[in-house]
Amino acid sequence: MDSWVRVLLFIAFILPALVECRVRHYKFNVVNKNITRLCSSKSIITINGKFPGPTLYAREDDTVLIRVINKVNHNVTIHWHGIRQVRTGWADGPAYVTQCPIEPGHSYLYNFTITGQRGTLLWHAHVNWLRSTVHGAIVVLPKHGVPYPFPKPDDELILVLGEWWKSDTEAVINEALNSGLAPNVSDSHTINGLPGTVANCSTQDVYNLAVESGKTYLLRIINAALNEELFFKIGGHNLTVVEVDATYIKPFKIETIVIAPGQTTNVLLTANQKSGKYLVAASPFMDAPIAVDNFTATATLHYTGTLSNTPTFLTTTPPKNATQVANNFINSLKGLNSQKYPVNVPLKVDHSLFFTIGLGIKPCPSCKAANGSRVVASVNNVTFIMPSIALLQAHYFNINGVFTTDFPPNPVHVFNYSGAGPANLVTQSGTKLYRLEFNSTVQLVIQDTGIIAPENHPVHLHGFNFFVIGRGVGNYNPKIDAKNFNLHDPVERNTVGVPAGGWTAIRFRADNPGVWFLHCHLEVHTTWGLKMAFLVENGKGSKQSLIPPPKDLPKC
């Protein structure tokens, strides 16, 4: 073959493939940084000295290599929240589930390929309460030449919502565990790390979103908070919702969105109001008798050319218990279900599971503040005990005594779940997994319980997306409620809210071998034991099997 023909073939066929699928390299240095917020300073753990941390950019089908170097006196892991980690569970990140922590002075190379995903996700620490400051955005762009299934925006902006404690967050949870009581709520919410206008504080840390009149912006909104669901709205402007958890949805316009910890929402914002400044607000959503941080984080939507002393157009945030406002948003979410982006919800179910979630009590003689007991949390009355060897390692290397596979598929005790609960509030303890055959299908109904108090639980499943086929208030009734399941265009997510005193039904296909964490994304509930894991067996051949662990996998 002539050399010029080889050149033409390279340009026509090989070069586009090389451009399309590339390797992205990142270095995450875990370091301490002194930060001042609310007129108070403290040292926090960060990535590369940034809070929030750096944004990770990639394209669909890219391979991503992130070297995490631990330079602080604390164990660290990083979870790439929502990345499916197809056969690469070693890179998923939850401590003692898929890996042992990266110890001080050590490093680990996270290595994964983004397969069949595009949109906004997040990364965060997944050990103790470090994610309060160790978190950031993941932006997965579509393949080259593939447009968004909505009008192309003129620009994009990232908004990371969070919480801020004046105290060290590790001290906050340790004090709570020692006392047996709930931890102190945060001192403020934040937008891109800033609380906004604060009373009785000379330093006003307000984030500004600069926009040009007439342009449309894609806002990538992430809730990286530890324990609080948030309402988000912008004064004088409607939002067009186009994506949640990196999956496209049928677009709809709304004034206020609700977003739980671990969730992401992409909205289109058109700067179509008269020039000026408009209030951006993130306020708490809690429709149960649970203490929350009542501080509303604020930022400013600032039209270019507007003078800094121009008055800001204000907006009214919903009451914290505005269930109807939250439901208005949640009930509007429908899968796009187009020819290019179909909704492949499983119609046949191999495993029909029913999990109750909520709080409970454990004896604790040293917990004098809590009268000799401590608050715990459970799934099907099992308070999960984290092992000292990572579950995935124990599974791969057949290490006995680390876990059992007898997690109950249904509640151990049947009672009025949405009522006050049984007289005996004591839970079982164990490291129990539920085994799934490769490519089997799962229907999981998650039922909140009223033990101690009903509460909205954002539940996150690692390793998979799932379809939200139904939700309701009260006790789930399979004979009645299953008839109303949406199997046509359900929204696809990785984190879903289970309503206070209600239930949510999801379906997914277990086509990813490994050990995959399921837990409440309210960090206090994860700490208390509201978690379990699925063990998905290998399928046939190497393409359906977990890859071997990397040589630098941290040791326990």
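The values are calculated or read from the model by the stated rules, or taken from the named source; none is laboratory data. Being a predicted model, the structure only gives us computed values, none of them experimental. Reconstructed Cβ throughout: ideal geometry from the backbone, glycine too, with neighbour counts over all protein chains shown. Just so you know, the surface numbers come from the protein's heavy atoms only, side chains and all, with ligands and any DNA or RNA stripped out. Shrake-Rupley method; radii C 1.70, N 1.55, O 1.52, S 1.80 Å.
Rolling a 1.4 angstrom probe over the protein chains, ignoring ligands and nucleic acids, what is the accessible area of R22 in square angstrom, nearest 10?
Surface accessible to solvent at R22 totals approximately 120 Å².
Cα to Cα, under 19 Å, and not fewer than 8 places away if on the same chain: which lysines meet these conditions relative to K555?
Leaving aside lysines fewer than 8 places away in the same chain, those within reach of K555 are K71.
Rounded to the nearest 20 debye, what is the charge dipole size of the chain about its Cα centre when +1 sits on each Lys and Arg Cβ and -1 on each Asp and Glu Cβ?
The calculated dipole for the chain is roughly 560 debye.
Taking square-rooted eigenvalues a ≥ b ≥ c of the alpha carbon gyration tensor, is the stretch 351-544 rounded, prolate or oblate, where a/c under 1.5 means rounded and, failing that, a/b exceeding b/c means prolate?
Here the stretch 351-544 falls in the oblate category.
Ignoring everything except DSSP H segments at least 4 long, calculate the 222 nm mean residue ellipticity for the chain; use -39,500 (n - 2.57) per segment, divide by total residues, nearest 500.
-2000 deg cm²/dmol
Please state the shape class of the stretch 279-363: rounded when a/c is under 1.5, otherwise prolate if a/b exceeds b/c and oblate if not, all from the C-alpha gyration tensor.
Note, shape of the stretch 279-363 comes out oblate.
Taking square-rooted eigenvalues a ≥ b ≥ c of the alpha carbon gyration tensor, is the stretch 436-497 rounded, prolate or oblate, where a/c under 1.5 means rounded and, failing that, a/b exceeding b/c means prolate?
oblate
Taking the Cβ of P346 as the centre, find all other residues whose Cβ is under 14 Å away and add up their charges (Lys, Arg: +1; Asp, Glu: -1).
Value of the local net charge: -1.
Which one of F534, S418, P499 is farthest out on the positive end of the charge dipole of the chain, using unit charges on Cβ (Lys, Arg +1; Asp, Glu -1) and the Cα centre as origin?
F534
Rounded to whole Å, give me the distance from the Cα center of the stretch 412-431 to that of the stretch 139-162.
44
Using only C-alpha positions, report the orientation-averaged shadow area of the convex hull of the stretch 465-533, nm², one decimal.
Its Cα hull, projected and averaged over all orientations, spans 5.6 nm².
Using a 1.4 angstrom probe with every protein chain in place, what is the largest-first accessible-area order of S167, S338, S283?
S167, S338, S283
Can you check what the net charge comes to around V491, using other residues whose Cβ is under 13 Å from the Cβ of V491 (Lys, Arg +1; Asp, Glu -1)?
Summing Lys/Arg as +1 and Asp/Glu as -1 gives +1.
The list (1) 285; (2) 173; (3) 192 gives values of volume of the Cα convex hull per residue in Å³, and only one came from this structure; which label was calculated from it?
Matching entry in (1) 285; (2) 173; (3) 192: (2).
Take E156, E163, E175 and sort them by solvent-accessible surface of the protein heavy atoms, 1.4 Å probe, largest at the top.
Largest to smallest exposure gives the sequence E175, E156, E163.
Run the dipole for the stretch 155-332 about the Cα centre, Lys and Arg Cβ at +1, Asp and Glu Cβ at -1, nothing else charged, and hand back the magnitude in debye, nearest 20.
720
Counting DSSP beta bridges in the chain, what percent are antiparallel, to the nearest 5?
70
Quick check: at a probe of 1.4 Å, how many percent of the accessible area of the chain sits on carbon and sulfur atoms?
Within the chain, the accessible surface is 53 percent carbon and sulfur.
Sort 246-257, 474-485, 517-528 by the packing proxy (mean of other Cβ within 10 Å over each peptide's residues), most packed first.
Per-residue Cβ counts within 10 Å, averaged per peptide and sorted highest first, yield 517-528, 246-257, 474-485.
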